[in-house]
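S.K.: Below are the structure tokens for one structure; questions will follow.
The values are calculated or read from the model by the stated rules, or taken from the named source; none is laboratory data. Because the structure is a prediction, the values reported are computed rather than measured. For neighbour counting, all protein chains shown are included, and Cβ atoms are generated from backbone atoms with ideal geometry for every residue, glycine included.
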Amino acid sequence: MEAAVSEVIAQKVQGDIVELGVWRGGVMVIAAAVLHDLGEQRNLRLFDAFEQIPGYGSASNFLAVSEAEVRAAFDDFGLQGPHIHFHPGLFKNTVPLWDVSNPIAVLRIDGNFYDSYQDALYYLYESVPVGGIVIFDDVMSHNDVMRCWNDFKREQGLVENLNQIDMHSAWFRKEQKVKINWDFFRPPQDANIN
Ligand SMILES: C[S@@+](CC[C@H](N)C(=O)[O-])C[C@H]1O[C@@H](n2cnc3c(N)ncnc32)[C@H](O)[C@@H]1O
């Protein structure tokens, strides 16, 4: 995230810094610190249930962190501010409210499930301008996430390829504008069942 934020600032790619799947907020605190150090103002958008969600099994308690706890993490580093926006709730309920004309310079998705990635990509990908950076935290380690990426890339005709970061994550820079074709949007299969 640190490199991605620095890069979009250096390249003057317009737009917000967005993470879906925030947990304790560490990645977005780092993003806020980088912006602070660079003397730059961008909106930070944090999307998460901020409570237990179905599908995590024995990890569900561990992964359930409240919005108040994440706000406190920004306070601890003196990085709280009006440019930090919380979007609490399941992605399926929050991302459809996004105004697609609002650009996203960095889109980081860390949502573990097919449904979570599908919601993020279908509703937000059009908002990433060419030159914007997309990061998938768990695409190399979660088969369902890789399946979602492969479906999305093939069915929406994306030309971009993933650059692997480590055993979990990968990134790419958007090269081509696309208009999302909703014919391929799949019914709930994991996080959105129930
Ligand atoms: C692995 S954690 C994120 C870790 C964090 N990005 C980090 O690097 O420290 C996954 C997060 O995604 C959230 N999440 C996954 N799918 C979601 C969905 N469909 N709607 C809302 N939140 C979701 C969970 O609540 C959890 O906080």
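S.K.: Of (1) within 13 Å of the ligand (Cβ to nearest atom); (2) at pLDDT 95 or above; (3) surrounded by 16 or more Cβ atoms within 10 Å (Cβ to Cβ), Val34 satisfies all except one. Which?
M.R.: The failed condition is (1).
S.K.: Here's a follow-up. Against the condition in a loop (DSSP other than H, G, I, E, B) and of a type outside the set (S, T, N, Q), how does Met146 come out, does it pass? Break it down stepwise before answering.
M.R.: Details: in a loop (DSSP other than H, G, I, E, B): no; of a type outside the set (S, T, N, Q): yes.
No: the conditions fail for Met146.
S.K.: Follow-up. Being of a type outside the set (Gly, Ala, Ser), assigned by TED's automatic domain parsing to the domain that holds Met1, touching a Lys or Arg at 6+ places or on another chain (Cβ under 9 Å) and modelled with pLDDT of 95 or more: is that true of Leu44 here?
M.R.: Details: of a type outside the set (Gly, Ala, Ser): yes; assigned by TED's automatic domain parsing to the domain that holds Met1: yes; touching a Lys or Arg at 6+ places or on another chain (Cβ under 9 Å): no; modelled with pLDDT of 95 or more: yes.
The answer is no for Leu44.
S.K.: Something else now. Which ones in the range 173-194 are in contact with an Asp or Glu (Cβ under 8 Å, 6 or more places away or on another chain) and among the aromatic types (Phe, Trp, Tyr)?
M.R.: Selection gives Phe184 alone.
S.K.: Scan the range 1-28 for residues that are closer than 23 Å to Thr94 by Cα, more than 8 Å from the ligand (Cβ to nearest atom) and either touching a Phe, Trp or Tyr at 6+ places or on another chain (Cβ under 6 Å) or small (Gly, Ala, Ser) (or both) and jot them down.
M.R.: Scanning the range 1-28 gives a single hit, Gly15.
S.K.: Name the residues in the range 20-47 that are among the hydrophobic types (A, V, I, L, M, F, W, C) and within 13 Å of the chain's Cα centre (by Cα), would you? Outline the logic, then answer.
M.R.: Filtering the range 20-47 down to residues among the hydrophobic types (A, V, I, L, M, F, W, C) leaves 20, 22-23, 27-35, 38, 44, 46-47.
Listed by number, the residues that qualify are Leu20, Val22, Trp23, Val27, Met28, Ala31, Leu44, Leu46, Phe47.
S.K.: Given the structure, is Asn194 at pLDDT 95 or above and exposed (fewer than 15 other Cβ atoms within 10 Å of the Cβ)?
M.R.: For Asn194, the condition - at pLDDT 95 or above and exposed (fewer than 15 other Cβ atoms within 10 Å of the Cβ) - is not met.
S.K.: Still on this structure: Go through the range 142-172 and give me each residue that's within 24 Å of Val8 (Cα to Cα) and in contact with an Asp or Glu (Cβ under 8 Å, 6 or more places away or on another chain).
M.R.: Lys153, Val159, Glu160, His168, Ser169, Phe172
S.K.: Does the range 101-147 hold any residues that are within 13 Å of the ligand (Cβ to nearest atom), among the hydrophobic types (A, V, I, L, M, F, W, C) and under 12 Å from Ser169 (Cα atoms), and which are they?
M.R.: Ile109, Ile135, Phe136, Val139, Val145 - these are the residues of the range 101-147 that are within 13 Å of the ligand (Cβ to nearest atom), among the hydrophobic types (A, V, I, L, M, F, W, C) and under 12 Å from Ser169 (Cα atoms).
S.K.: Please indicate, with yes or no, whether at least one residue in the range 89-100 is crowded, with 24+ Cβ neighbours inside 10 Å, among the polar types (S, T, N, Q) and within 13 Å of the ligand (Cβ to nearest atom). Quick ask: steps written out before the conclusion?
M.R.: Our first condition is that a residue be crowded, with 24+ Cβ neighbours inside 10 Å; within the range 89-100, this holds for 91.
Remaining after also requiring among the polar types (S, T, N, Q): none.
No, the range 89-100 has no match at all.
S.K.: Would you confirm whether or not the range 7-16 contains a residue that is touching a Gly at 6+ places or on another chain (Cβ under 9 Å) and at pLDDT below 95?
M.R.: no
S.K.: Just the residues that are modelled with pLDDT under 95, on the phi < 0 side of the Ramachandran plot and more than 18 Å from the chain's Cα centre (by Cα), please, taken from the range 48-80.
M.R.: Keep residues of the range 48-80 that are modelled with pLDDT under 95, which gives 51-65, 80.
Okay, now just the ones that are also on the phi < 0 side of the Ramachandran plot, so 51-54, 56, 58-65, 80.
Selection gives Gln52, Pro54, Tyr56, Ser58, Ala59, Ser60, Asn61, Phe62, Gln80.
S.K.: Quickly run through the range 162-191 and pick out the residues that are crowded, with 17+ Cβ neighbours inside 10 Å and outside any loop (DSSP other than H, G, I, E, B).
M.R.: Passing the criteria: Ala170, Trp171, Phe172, Arg173.
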